[in-house]
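Data first, discussion second: the structure below is written as structure tokens.
The values are calculated or read from the model by the stated rules, or taken from the named source; none is laboratory data. Because the structure is predicted, anything quoted here is derived from the model rather than measured. Counting neighbours? That spans all protein chains shown, and the Cβs are built from the backbone with ideal geometry, glycine included. Accessible surface is based on the protein model in full, side chains and every heavy atom, while ligands, DNA and RNA are left aside. Shrake-Rupley method; radii C 1.70, N 1.55, O 1.52, S 1.80 Å.
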Amino acid sequence: MLQLTINNKSYQVDASPDMPLLWAIRDIVGLTGTKFGCGIAQCGACTVHIDGSPVRSCSFPVAAAVGKKITTIEGLNEKVGAAIQKAWIELQVPQCGYCQSGQIMSATALLRNKPNPTDADIDAAMQGNLCRCGTYQRVRSAIHRAAEMIK
Amino acid sequence: MSNLTNNINRRNFIRLTGITGAGLVIGLSAKAGGIETVENLTDAIDSYELSPFVVIEKGGKITIFNPKPEMGQGTFQSIPSLIAEELELSLNQVTIQQTGGEKKFGPGQSAGGSASVRTNYMNLRKVGASAREMLIKAASQQWNVPEADCYAEQGTIIHRPTGKKIGYGDLAEAASKLEVPKSPKLKDPKDFKLLGKSTPRPDVPLKVNGTAQFGIDASVPGMVYASIERCPVLGSKLISFDDAETKKVKGVIAVETCERIHGVYRSEGVAVIAENYWAALQGRKKLKVKWDNQGNENFNSKTYEQGLRDAAKEEGAVEHKQGDFDKAFAEAPVKLEALYETPIVSHSPIEPMNCLANWHDGDKLEIWTSTQVPGNIVNEFSKVYNVAPENLKVNTLFNGGGFGRRLYPDYVHEAVQLTKKIGKPVKTIWTREDDTQQGPFRPMTYSAMKGALDANGKAIAFQHKVIAPTLDMKKDYDKTKSNGTMTEGISEQQYEIENMKNLYVHHYLHLPLAAWRAVTSTTLAFSHECFIDEMAVAAKKDPMAFRLGMLAKESDTKNVLNKLKEVSNWDKPLPAGWGRGVAQYEFFAGLGGYVIEVSKKAAGIKIEKVFAVIDLGTVVNPDTTRGQVEGAAVMALTAAIKSGITFDKGQAVQTNFHTNQLVRINEMPKVEVHILTNGGTRIKGVGEPGLPPFAPALCNAIFAATGKRIRRLPFDINKIV
């Protein structure tokens with residue numbers, strides 16, 4: 001049994017230590033907002049925060065997350081995350097929506113570190129998150145919009 | 001509840017006859033009781049062969065059933081809005097429920113071909129308008145006032161002189177006993193509150209907090225997970241497998257075979273079933289499988305592509321002919337010929353294929369999945385698996401991307417066979433490698449182009465010959481016949497050229513193939529519109545003026561080009577080292593066009609500006625439309641400059657997103673979208689038309705900037721010049 005702290009809640013997880021955190025979160029804990037896209041940290045759909053930093057949970061062994069603070073899309077409720085979500089709705093960013101949990105987790109981490117990101121900052125922080133629907137233009141605008149809201 | 005069902009008779013429903021197409025009914029349920037009741041109620045009208053899309057319960061709850069799966073294209077908002085507009089409701093007053101292929105909802109429970117809005121614009125509005133008129137009549141009778149003094153607003157009927165109000169729920173029973181208006185009066189578009197406005201999509205809030213349910217999120221008690229090993233060399237047959245090591249993996253429950261059914265492409269795979277998906281993956285790695293490759297291990301892209309080039313020398317079957325192309329071409333003073341080449345590409349929705357299926361109680365089947373075609377699943381699976389349609393329930397969840405991939409339920413077949421074999425609910429999930437390497441793929445098309453000009457530079461002859469396999473993957477193709485899908489749009493272009501001959505040459509490909517967003521227009525627009533550009537250059541004419549010069553008659557195409565010319569400031573000189581290109585393409589789904597500006601860099605090309613025009617005739621949601629075109633441009637750029645799928649030794653070379661790359665945020669310029677809504681000849685689609693003209697506009701811009709003509713996709717945008 002491994003003990004995980006997800007969204008400030010404690011879970012006992014019966015998983016092999018090498019199981020990626022993604023599958024522990026989805027299949028065992030039952031939080032399905034975090035998505036599977038590629039399994040090799042190339043698409044970013046599985047992005048969660050570990051101690052506040054964005055991590056691709058598909059390539060992060062569950063055992064390494066023990067004792068750390070894990071935040072998923074379901075637990076994103078502080079000021080920056082809420083602003084991002086609000087901007088995402090205002091600019092109607094999602095299309096199919098599947099990659100958006102990951103986009104939002106990456107965008108939230110960016111804004112926490114850089115409250116006024118430039119386009120280049122956004123490119124650097126967000127290029128690990130693929131969107132097949134092609135919502136990039138709105139992702140960019142919504143990050144700028146959220147930055148304005150927080151001010 | 002069952003006695004309640006028996007008491008319900010036809011008077012509880014408003015019958016809508018005379019509605020074109022779908023044959024729709026609005027069930028106004030006089031009894032409350034939620035979805036269960038709704039289903040029971042609707043069963044009672046099966047004999048009418050009609051189907052309810054709106055249910056108003058006495059308690060006031062209003063449910064609109066949406067037969068068009070949501071995959072990002074916005075049908076979760078646009079389709080219910082067609083009814084809600086005429087019924088004077090806002091979307092936050094209704095519960096939207098996706099249909100699951102139930103007979104009562106009729107045909108058309110599918111999303112594809114950019115067809116959802118353009119084929120339902122009138123009939124779903126009539127559904128809403130009829131209901132509104134009956135509710136008004138019911139209120140006027142109850143109050144004993146003239147109907148003309150009553151109007152509908154926000155779910156209530158209001159008596160104008162007194163201001164008294166009554167809710168739809170309180171009128172449902174009385175309204176249901178009234179005659180159905182034969183031709184309800186539709187609202188004047190100037191009074192629209194939803195249609196034509198950028199109304200927020202009700203699915204968006206669910207998609208920013210993790211609560212939106214996609215197929216992959218479905219779960220039922222006792223569910224197990226499966227990962228399936230399929231033949232790495234496509235088209236192989238399973239000989240045998242050894243699962244001794246697999247069964248030692250903790251959590252593995254069973255190993256079973258299942259057949260992937262994709263039209264004539266069939267392949268048997270070996271499924272590892274486990275308590276969790278990770279265990280299934282670990283078990284799968286330990287399988288030892290023997291395949292009979294059927295000679296397909298020798299297949300490679302280079303040889304097949306040479307085959308396409310050789311086949312281009314065949315005359316081909318006639319798709320469309322006008323004037324005398326051969327004579328005009330032979331006698332013309334200026335002649336051009338070129339061969340255009342495009343690649344195989346993957347759909348790669350970020351949600352991998354998945355399906356949860358539960359065979360239960362001996363003869364019942366329930367499916368939870370992301371699909372574009374719930375109606376087809378019920379029709380097809382009830383026959384293949386001998387399940388009564390009423391015992392086959394499909395839960396249509398949000399699609400994590402469709403793009404045509406989810407028109408094909410091959411992944412659903414696998415899950416159904418597995419649950420049937422092991423007697424437990426099984427959830428299958430394809431890995432990204434499965435998705436990338438197993439297809440189905442968009443096939444390539446090659447195009448042999450010929451064109452001729454007279455001495456004044458006027459286009460007098462044009463030929464587009466398509467060389468390609470067919471989407472139905474049939475080997476015994478009758479080569480005397482053209483194929484409408486593989487020659488899509490090439491004979492629908494509006495350019496007035498006197499002598500034309502469009503042809504099709506079939507060249508067999510054994511791989512699993514599929515329609516891809518905007519289907520064959522995605523490749524044919526590239527060859528067609530780049531070659532038109534070549535003719536403009538040969539005629540020493542401006543490419544925009546050359547096109548407009550071939551469009552004397554009024555047409556939607558002409559309007560699109562004129563709008564592009566205006567919004568892009570086409571005639572304004574560009575900085576040195578820049579170039580601009582134009583392209584348009586009309587096909588079954590609709591019509592769009594681009595002007596793209598590029599600049600030369602030390603290594604390669606930078607896309608500076610992208611102007612898009614889409615002609616809809618009538619728009620339901622401008623913001624959704626802009627989003628669809630912005631996204632189509634990204635998908636088109638990926639198809640133009642990333643690897644696509646190539647084959648060596650019978651296997652796909654690319655495996656995952658590191659080798660099958662998609663355009664990322666840093667590579668995508670801003671797209672400025674303009675929507676034409678001034679009527680036009682037909683209502684056109686939104687999801688696809690933004691795709692085909694992107695690559696030719698880009699390549700025409702690159703020619704303008706560099707003098708380099710690109711005739712083969714993909715190309716490396718960082719290595720041009």
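Computed quantities for the displayed model
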quantity: Segment A:23-35 residues that are within 7 Å of chain B (Cβ to nearest Cβ) and without any contact (Cβ under 8 Å) to a residue 60 or more places away in the chain, paired with ones that are open to solvent by less than 30 Å² (accessible area, probe 1.4 Å) and acidic (Asp, Glu) (beta carbon under 7 Å, 6 or more apart); calculated: A:32/B:217
quantity: Options B:283, B:307: the member that is open to solvent by less than 20 Å² (accessible area, probe 1.4 Å), more than 14 Å from every other protein chain (Cβ to nearest Cβ) and either assigned to a loop (DSSP other than H, G, I, E, B) or not hydroxyl-bearing (Ser, Thr, Tyr) (or both); calculated: B:307
quantity: Exclusive hit being away from every other protein chain (no Cβ under 14 Å), surrounded by 21 or more Cβ atoms within 10 Å (Cβ to Cβ) and modelled with pLDDT under 90, set B:81, B:51; calculated: B:51
quantity: Some residue of segment B:444-461 being within 20 Å of the chain's Cα centre (by Cα) and closer than 23 Å to residue B:314 by Cβ; calculated: yes
quantity: Filter result for residue B:714 (in a loop (DSSP other than H, G, I, E, B), away from chain A (no Cβ under 14 Å) and either open to solvent by 10 Å² or more (accessible area, probe 1.4 Å) or in contact with a His (Cβ under 9 Å, 6 or more places away or on another chain) (or both)); calculated: yes
quantity: Members of segment B:61-79 found to be part of a helix (DSSP H, G or I) and either farther than 16 Å from residue B:127 by Cα or in contact with a helix residue (DSSP H, G or I) (Cβ under 6 Å, 6 or more places away or on another chain) (or both), listed by number; calculated: B:75, B:76, B:77
quantity: Selection from segment B:211-243 of residues that are out of contact with any helix residue (DSSP H, G or I) (no Cβ under 8 Å at 6 or more places or on another chain), more than 14 Å from chain A (Cβ to nearest Cβ) and in a strand (DSSP E or B); calculated: B:237, B:238, B:239, B:240, B:241, B:242
quantity: Residue that is surrounded by the most Cβ atoms within 10 Å (Cβ to Cβ) [pool: residues in segment A:102-151 that are β-branched (Val, Ile, Thr) and away from chain B (no Cβ under 12 Å)]; calculated: A:150
quantity: Some residue of segment B:623-630 being touching a residue at least 60 places away in the same chain (Cβ under 8 Å), under 31 Å from the mean Cα position of the chain (by Cα), surrounded by 22 or more Cβ atoms within 10 Å (Cβ to Cβ) and over 18 Å from residue B:691 (Cα atoms); calculated: no
quantity: Selection count where residues are within 11 Å of chain B (Cβ to nearest Cβ) and open to solvent by 30 Å² or more (accessible area, probe 1.4 Å), scope segment A:40-55; calculated: 3
quantity: Unmet criterion (only one of (1) open to solvent by less than 10 Å² (accessible area, probe 1.4 Å); (2) within 14 Å of chain A (Cβ to nearest Cβ); (3) out of contact with any Phe, Trp or Tyr (no Cβ under 9 Å at 6 or more places or on another chain)) for residue B:72; calculated: (3)
quantity: Selection from segment B:421-451 of residues that are farther than 21 Å from residue B:489 by Cα and among the hydrophobic types (A, V, I, L, M, F, W, C); calculated: B:422, B:426, B:429, B:430
quantity: Complete set of residues in segment A:10-22 that are touching a residue at least 40 places away in the same chain (Cβ under 8 Å) and more than 10 Å from every other protein chain (Cβ to nearest Cβ); calculated: A:13, A:17, A:21
quantity: Residue under evaluation residue B:721, criteria (1) open to solvent by 20 Å² or more (accessible area, probe 1.4 Å); (2) of a type in the set (A, V, I, L, M); (3) more than 27 Å from residue B:350 (Cα to Cα); (4) modelled with pLDDT of 95 or more, criterion not met; calculated: (4)
quantity: Exclusive hit being in the same structural domain as residue A:128 (by TED's automatic domain parsing) and not β-branched (Val, Ile, Thr), set A:97, A:52; calculated: A:97
quantity: Single residue of B:587, B:611 found to be under 30 Å from residue B:512 (Cβ atoms), surrounded by 24 or more Cβ atoms within 10 Å (Cβ to Cβ) and either acidic (Asp, Glu) or touching a residue at least 12 places away in the same chain (Cβ under 8 Å) (or both); calculated: B:587
quantity: Among the candidates B:656, B:700, B:666, residue that is over 21 Å from the mean Cα position of the chain (by Cα) and assigned to a loop (DSSP other than H, G, I, E, B); calculated: B:656
quantity: Residues of segment B:310-337 that turn out to be open to solvent by less than 70 Å² (accessible area, probe 1.4 Å) and farther than 12 Å from residue B:507 by Cα, as a count; calculated: 12
quantity: Looking only at segment A:68-101, and only at residues there that are in contact with a strand residue (DSSP E or B) (Cβ under 8 Å, 6 or more places away or on another chain) and more than 17 Å from residue A:31 (Cα to Cα), the one that is surrounded by the fewest Cβ atoms within 10 Å (Cβ to Cβ); calculated: A:68
quantity: Residue count for segment A:2-44, restricted to those that are within 16 Å of the chain's Cα centre (by Cα) and of a type in the set (Gly, Ala, Ser); calculated: 6
quantity: The one condition in (1) more than 13 Å from chain A (Cβ to nearest Cβ); (2) surrounded by fewer than 24 Cβ atoms within 10 Å (Cβ to Cβ); (3) part of a loop (DSSP other than H, G, I, E, B) that residue B:689 fails to fulfil; calculated: (2)
quantity: Complete set of residues in segment A:43-59 that are touching a Lys or Arg at 6+ places or on another chain (Cβ under 7 Å) and part of a strand (DSSP E or B); calculated: A:47, A:50
quantity: Residue check, residue B:218 closer than 30 Å to residue B:86 by Cα, touching a residue at least 60 places away in the same chain (Cβ under 8 Å) and small (Gly, Ala, Ser); calculated: no
quantity: Matching residues in segment A:1-30 - criterion: being of a type in the set (S, T, N, Q) and either open to solvent by 60 Å² or more (accessible area, probe 1.4 Å) or under 14 Å from residue A:64 (Cβ atoms) (or both); calculated: A:3, A:5, A:8, A:10, A:12, A:16
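A quick yes/no check of all residues on (1) crowded, with 22+ Cβ neighbours inside 10 Å; (2) out of contact with any strand residue (DSSP E or B) (no Cβ under 8 Å at 6 or more places or on another chain); (3) among the aliphatic types (A, V, I, L, M):
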{"residue": "B:219", "(1), (2), (3)": "no, no, no"}
{"residue": "B:223", "(1), (2), (3)": "no, no, yes"}
{"residue": "B:235", "(1), (2), (3)": "no, no, no"}
{"residue": "B:250", "(1), (2), (3)": "no, yes, no"}
{"residue": "B:263", "(1), (2), (3)": "no, yes, no"}
{"residue": "B:274", "(1), (2), (3)": "yes, no, yes"}
{"residue": "B:278", "(1), (2), (3)": "yes, no, no"}
{"residue": "B:300", "(1), (2), (3)": "no, no, no"}
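Conditions (1) touching a Ser or Thr at 6+ places or on another chain (Cβ under 7 Å); (2) at pLDDT 95 or above; (3) of a type in the set (D, E, K, R), marked per residue:
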site: B:550; (1), (2), (3): no, yes, no
site: B:560; (1), (2), (3): no, yes, no
site: B:563; (1), (2), (3): no, yes, yes
site: B:593; (1), (2), (3): no, yes, no
site: B:596; (1), (2), (3): no, yes, no
site: B:611; (1), (2), (3): yes, yes, no
site: B:622; (1), (2), (3): yes, yes, no
